[in-house]
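Every number in this text was worked out from the coordinates using simple rules, so none of it is lab data. All values reported here derive from a predicted model rather than from experimental measurement. Here the Cβ positions follow ideal geometry from the backbone for every residue, glycine too, while neighbour counts run over all protein chains shown.
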Amino acid sequence: MKCGGKGSLRWGAGLALASLLVGAGAAYGEPNDNKLVIDGQTLTTEAAAPEGVELDKLYSGWRFRSPETQELQTDDFENPAMVAVDQGAELWGTVDGSAGKSCMSCHGEAEASMKGVRAGYPKWSDKRGKPHTLETQINECRTDRMEADAWKWESSNMLGMTAFVGLQSRGMPVKVQTDGPMAQWHAKGKELYFTRVGQLNMSCANCHQENYGKMIRADHLSQGHINGFPVYRLKWGGLGSSHRRFKGCMENIRATPFKRGSDEFVALELYLASRGAGLSVETPSVRN
């Protein structure tokens, strides 16, 4: 009997997955039937799966959370992410850079000008010849129009601004472009979603398509939708971008993660946004 090689690696990966999903006392948990209502607005947390997505139905990650965690998101006074939103609102009107401009100088009141923006990102940029994420669009405005320094991807300023801008689309359905120049990026994101990587030889789909609802460690796996980012994770004790979550997932399966803002993560973000089409933007959401 030979030891090692691809066969033993696959067996080892299967055993590792089994220990995560079953060995720790796993149980299957259907999404609960609670309604996400914020300030009298009912958000869509359940929708028909888009064509080509092998799910019976889409469910927001909110539907898999405990009632205690769900309640944090239903009340803006209790939602810990709203502190960052307040920071973003202040930054919106703050003049910065050599041009003597603020975001408001060009865009006016965010409540009107930013309505629907979050729902459509990532979005194609002719200037870049590649998609813009909300983060790269914000930095382009800062460097090209305000003549200010770019913000780091996971800085408090960037997270505050993406949360503030995202809030203006809360309740609107996610709908991103996947045809035309975005098609090749969408295809690349899909390829990444289903490609097994890392020492555990796992893909995004292994957890979020094939095993959603099951317990992994002390939490239920969701379908992995990104309609609530940036998200406040209780585990993090703060806000984080979708790319931070991608990086964490890759590290969990012992793969070398791509960098935040990399073409790979931008493509994956686009594909995941398209998988969640029809769900409401929940920014800023709260998760375990």
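In angstrom, the C-alpha Rg and Dmax of segment 82-167 are 12.1, 35.
Does anything in segment 93-113 have its amide N under 14 Å from the 7 Å Cα→Cβ label point of ASP39, and if so which residues? Residues 110-113 fall inside that zone. With N as its number of residues, segment 190-241 has a Cα radius of gyration that, divided by 2.2 N^0.38 Å, comes to 1.26. Placing R0 at 51 angstrom, the Cβ-Cβ distance between ASN252 and SER98 gives a FRET efficiency of 0.75 after rounding to 0.05. Residues PHE164, PHE194 in ascending order of nearby Cβ atoms (within 10 Å, fewest first): PHE194, PHE164.
Enumerate the residues in segment 251-288 having an amide nitrogen under 20 Å from the point lying 7 Å beyond the Cα of THR143 toward its Cβ. Within reach of a label on THR143: 259-267. If only the Cβ of Lys and Arg carry +1 and only the Cβ of Asp and Glu carry -1, the dipole of the chain around its Cα centre is close to 1260 debye. Charges were assigned to the Cβ only: +1 to each Lys and Arg, -1 to each Asp and Glu. The resulting dipole of segment 82-167 about its Cα centre is roughly 360 debye.
Of the trypsin sites (Lys or Arg not before Pro) in segment 106-139, the ones in a loop by DSSP (not H, G, I, E or B) with at most 10 other beta carbons within 10 Å are LYS127.
Here segment 210-288 and segment 113-145 have alpha carbon centers that stand 20 Å from each other.
Among the chymotrypsin sites (Phe, Trp or Tyr not before Pro) found in segment 21-127, those both in a DSSP coil and sparsely packed, with 11 or fewer other Cβ atoms within 10 Å of their Cβ, are PHE77. Which FRET efficiency, nearest 0.05, do SER262 and VAL83 yield, Cβ-Cβ r, R0 35 Å? Taking R0 as 35 Å, the efficiency between SER262 and VAL83 is 0.75. Of the GluC sites (Glu not before Pro) found in segment 127-213, those in coil by DSSP whose Cβ has at most 16 other Cβ atoms within 10 Å are GLU147, GLU210.
Is any residue of segment 244-263 close enough, with backbone N under 16 Å, to a label point placed 7 angstrom from the Cα of ARG217 along the Cα-Cβ axis, and if so, which? Zone members listed by number: 244-255. Along its three principal directions, the equivalent ellipsoid of the chain from the Cα gyration tensor extends over semi-axes of 33, 23, 17 Å, largest first.
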